[in-house]
Structures are given as structure tokens and as C-alpha cells.
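Read through the structure below, which is laid out as C-alpha cells, and then see the notes.
The values are calculated or read from the model by the stated rules, or taken from the named source; none is laboratory data. Worth saying up front: this structure is predicted, and the values here are computed from it rather than measured. So basically every Cβ, Gly included, is an ideal-geometry build from the backbone, and we count neighbours across all protein chains shown. To get the accessible areas, we keep the full protein, side chains included, count just its heavy atoms, and leave off ligands, DNA and RNA. Shrake-Rupley method; radii C 1.70, N 1.55, O 1.52, S 1.80 Å.
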Amino acid sequence: MATGSFYPPQRTLMGPGPSDVSPRVLGAMARPTLGHLDPAFVGMMDEVKTMLRYAFRTTNQLTFPVSAPGSAGMETCFVNLVEPGTKVIVCQNGVFGGRMKENVLRYGGVPVMVEDTWGRAVDPQKVEDALKANPEARIVAFVHAETSTGALSDARLLAQIAHRHNCLTIVDTVTSLGGVELKVDEWQLDAVYSGTQKCLSCVPGLSPVTLSARACDAISARKARIQSWFLDLSLVMAYWAGDGKRSYHHTAPVNTLYALHEALVMLEEEGLEKTWTRHAYHHHALRAGIEALGLEFVVPETERLPQLNAIRIAPGVDEANVRARLLKEYQLEIGAGLGAMAGKVWRIGLMGYGCNERNVLYCLGALEDVLASTGAPIQRGRALDAAHAVFTRGS
Ligand SMILES: *Cc1c(COP(=O)(O)O)cnc(C)c1O
């Protein structure tokens, strides 16, 4: 018996990613596949690089999407910059800082951990102290937008501190790119990686990266060979750069790159600053509704990400059952807690194309209905009223 075609159900994705993909992006993916060295394709690759520079606010020559998800961008930065014995200050305030540590260890580096409470930003003073105590450190690595907790760290300040101590920075911007202010050149960030599936409204599977001239010099000065063949930037760039002449390194995910191209066109059309404002605006409306439901945010207001809302689960609530019902009855996905926050929080994403008035109202209405039906002390209608008040005010 033959297996039938797969038709996914139509969900609304409001978790930590993947987020809802724009139909324009999905449409772009269905265009004819080209050879990966076809001049028409190479021209499109150049446009992707130019538009990524716009998104990252950088003029870095070495800016391109790694052909694999965000985690591969992380590996690219670490494997190219960390040599055996390199000391790296790794800031951890959630799940992804822990993965940075794992990267450093696997490439033979020596991680020095700077730990902060989950749900808080990275404490710059602790980073300063760690650098003073470890003058031989060469790199400071941190997550700009910690998706596991919803905390935003001060990337500009952390980079300033790192440079004062003669260190490069490796910065995770998987969830921040296209969602909150990010200025790679102005903030002097060195090795920066992101993802397509969070605030760029694109499908998963690519990892935009950008490296400063300082980072490139550090890679050129390496003594030890780069431990990964696939992620070795000097090899990858023979395919992604070079005037006119490109040589085969791997087969690019051609149609996924059409998707990223379209997503970046949409970002340019809207304008980067407007995108940041849109995320903040819809977060305010969601917050008003969440608070009207009597629920609390994990992260203090000044350190909070608009695009990832971590909400404490009240005692006695069967959190998995609520998520299962949202999926079944509303076709709505919200995120569970990750790592140390498993079972303690829900994570509601307002990312990219999915960050809109309809989704805010839909999510609040669904959550209110499901919670009220489990007997939670909720007055129906209040969450939507609170969100509507923000939308009516327009701020
Ligand atoms: C999602 C995410 C990643 C990993 O990206 P994948 O596309 O899942 O590999 C890394 N860092 C942060 C902060 C993320 O949110």
C-alpha cells in the first residue's frame, strides 16, 4: 500500500520558533530549483548577502547564511574562533549559554562560566570581574535574546567590556534579529549568528552569520586547523564569495534560500526600525491581556523580550494539558518551558509575520477560554478588553 502525501494541519505558531511563515515566503520556496552555480542563482546569493548586511546593520564583508539551522551558525562561530586551549568567557542565563559552553569544550577551548539567574539579563559587572580574573581570555560569548527565558541582555555594553579586555565577542542573535534593536557595527560585535525561523518570518534551516574584520584576522592567525570541514569559513567562502568565480563546496539549499531572500525583501519593505516597533507594540497588547488573566511574566520589565513572553504557570494548573488543548481546539501552538524552566512557564512567541493584532487577540481569547474551563478564577472577556485598549490607544 502506498503512503499518501503529507498535508500538515493549519496551525498558528506562537511558541519559541519556528514561528508563522509568511505566505509570500512559502510561495517563493515553490519556485523552480536552479543549479547552485547557475549565474541567476549566484546573483540571488549576492542579494541575500546585501540584505543580510541591512538586517544586521553591518558592512562586514563576511556576511552570509550558513546552510543549516541556527545551531550551525553557533558551531560556525565557535569552531572557527576557538582553538585548543583558547579561554572563553561564556555567559549563561538560560539554555543557549549552556550550548555555547558545550561548543567551547568540544573544540578544545577552556570555558569560564559567568552564570546569572534564569530570567535575568547577563550581569555586565560579573563579566568585567571574570575578565579581570582571567586576563588570558580571548573571547566573550553571550546570548543577546535568551529564548528559553525571554531575557534581553545589553549587547552593546557587554561588547564594550570585552574589547576593553582585548577579547572578541561571539553573540547569539537567533531570536533578536528582526525582533529587537541590533546594530552589529555600531555595537562592535565580532562573530554573530542568527536563524531564519524566529523573527525573520522564514522557514527553519538557515543561519545568517556575520563576522567583523577583527574576527577574520583572528581566524587567519590560527595555528590549529579548523576542526570542522563543513563549517570551515575559508572553504565555505570559496562558494559564497569571490568575484564572479564560485567553486563547489556543498549544494546550497536552493529553495530555502529563495525563502530567505523573500523574507529579507519583506523586512526591507517594512523597514528595520518599524519591525522593532511592531514587536514592542504587540508585546504591550499581549502583556495587558496576560496581566488581566492574573498571570505574571518571568523577566523584569526592563530586561524583557517583546518577541518571547515567558509566563509563570499558576500552581495547580496542568500546563501540558493546557498546551494540548490549545493545539487541539484552537490549532494554536505555544511553547513549554525549556531546561530548568520546564513545567514552570509557558513561552508565547510574537515573532516576525506572526507578530500581529490577530494573533495577540486569538492567543488571549484561546488561553482565557481554556484556563476558565479548567476552573481558574478568570473573568471572561477581560484579557481581550485589555488588549483592545492598547490597540485602540495605538501604543
Ligand atoms: C532557536 C535558537 C537557537 C538554535 O536555532 P535552531 O534553528 O533551532 O538550530 C540558538 N540560540 C537561540 C537563542 C535560539 O532561540
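Criterion first (farther than 21 Å from H165 by Cβ and open to solvent by 10 Å² or more (accessible area, probe 1.4 Å)) does G94 satisfy it? Can you show your working first?
Values: farther than 21 Å from H165 by Cβ: yes; open to solvent by 10 Å² or more (accessible area, probe 1.4 Å): no.
For G94, the condition - farther than 21 Å from H165 by Cβ and open to solvent by 10 Å² or more (accessible area, probe 1.4 Å) - is not met.
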Can you name the residue in region 171-191 that is of a type in the set (A, V, I, L, M) and either outside any strand (DSSP E or B) or more than 12 Å from the ligand (Cβ to nearest atom) (or both) and, of all such residues, is farthest from N60 (Cα to Cα)? V180
Qualifying position, being part of a strand (DSSP E or B) and either out of contact with any Lys or Arg (no Cβ under 8 Å at 6 or more places or on another chain) or away from the ligand (no atom under 15 Å from the Cβ) (or both), among A162, A141: A141
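Which residues, taken from region 117-131, are at negative phi and within 15 Å of the ligand (Cβ to nearest atom)? Let's see the steps before the verdict.
Just the residues of region 117-131 that are at negative phi, to begin with: 117-118, 120-131.
W118, A121, V122 - these are the residues of region 117-131 that are at negative phi and within 15 Å of the ligand (Cβ to nearest atom).
Filter region 192-214 down to residues that are part of a loop (DSSP other than H, G, I, E, B) and within 12 Å of the ligand (Cβ to nearest atom), then give me how many there are.
Pass one, region 192-214, residues part of a loop (DSSP other than H, G, I, E, B): 194-206, 212.
If we keep only those that are within 12 Å of the ligand (Cβ to nearest atom) too, we end up with 194-200, 202-206.
Looking only at that region, the number is 12.
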Return the pair list, or none, for Cβ contacts closer than 9 Å from residues in region 32-58 that are surrounded by 14 or more Cβ atoms within 10 Å (Cβ to Cβ) to residues that are basic (K, R) and modelled with pLDDT of 95 or more, at least 6 apart or on different chains. F56/K183; R57/K183; T58/K183
The conditions are (1) over 24 Å from Y54 (Cβ atoms); (2) assigned by TED's automatic domain parsing to the domain that holds E181; (3) part of a loop (DSSP other than H, G, I, E, B), and L295 fails exactly one of them. Which is it? (2)
Tell me yes or no: at least one residue of region 265-275 is farther than 29 Å from A121 by Cα, within 16 Å of the ligand (Cβ to nearest atom) and among the β-branched types (V, I, T). no
Residue under evaluation Y107, criteria (1) touching a residue at least 40 places away in the same chain (Cβ under 8 Å); (2) among the hydroxyl-bearing types (S, T, Y); (3) open to solvent by 40 Å² or more (accessible area, probe 1.4 Å), criterion not met: (3)
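Here is a yes/no grid of residues against (1) assigned by TED's automatic domain parsing to the domain that holds T275; (2) within 11 Å of the ligand (Cβ to nearest atom); (3) not in a helix (DSSP H, G or I):
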{"position": "F64", "(1), (2), (3)": "no, no, yes"}
{"position": "N80", "(1), (2), (3)": "no, no, no"}
{"position": "G85", "(1), (2), (3)": "no, no, yes"}
{"position": "V90", "(1), (2), (3)": "no, no, yes"}
{"position": "M100", "(1), (2), (3)": "no, yes, no"}
{"position": "L105", "(1), (2), (3)": "no, no, no"}
{"position": "G108", "(1), (2), (3)": "no, no, yes"}
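With the structure loaded, tell me whether M51 is in contact with a Phe, Trp or Tyr (Cβ under 8 Å, 6 or more places away or on another chain), part of a helix (DSSP H, G or I) and more than 16 Å from the ligand (Cβ to nearest atom) or whether it fails that test. Talk me through it step by step, then tell me what you get.
Working: in contact with a Phe, Trp or Tyr (Cβ under 8 Å, 6 or more places away or on another chain): no; part of a helix (DSSP H, G or I): yes; more than 16 Å from the ligand (Cβ to nearest atom): yes.
So M51 does not fit the description; no.
Could you look through region 233-281, keep only residues that are of a type in the set (A, V, I, L, M) and part of a loop (DSSP other than H, G, I, E, B), and pick out the one that is surrounded by the fewest Cβ atoms within 10 Å (Cβ to Cβ)? Steps first, answer last, please.
From region 233-281, those of a type in the set (A, V, I, L, M) are 233, 235-238, 241, 252, 254, 257, 259-260, 263-267, 272, 280; that's our starting set.
With part of a loop (DSSP other than H, G, I, E, B) added as a condition, the list becomes 241, 252.
Details: A241: 17, A252: 19.
The extreme case among them is A241.
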Checked region 59-87 for anything of a type outside the set (S, T, N, Q), free of Cβ contacts under 8 Å to residues at least 60 places away in the same chain and closer than 16 Å to R214 by Cβ; matches are V82
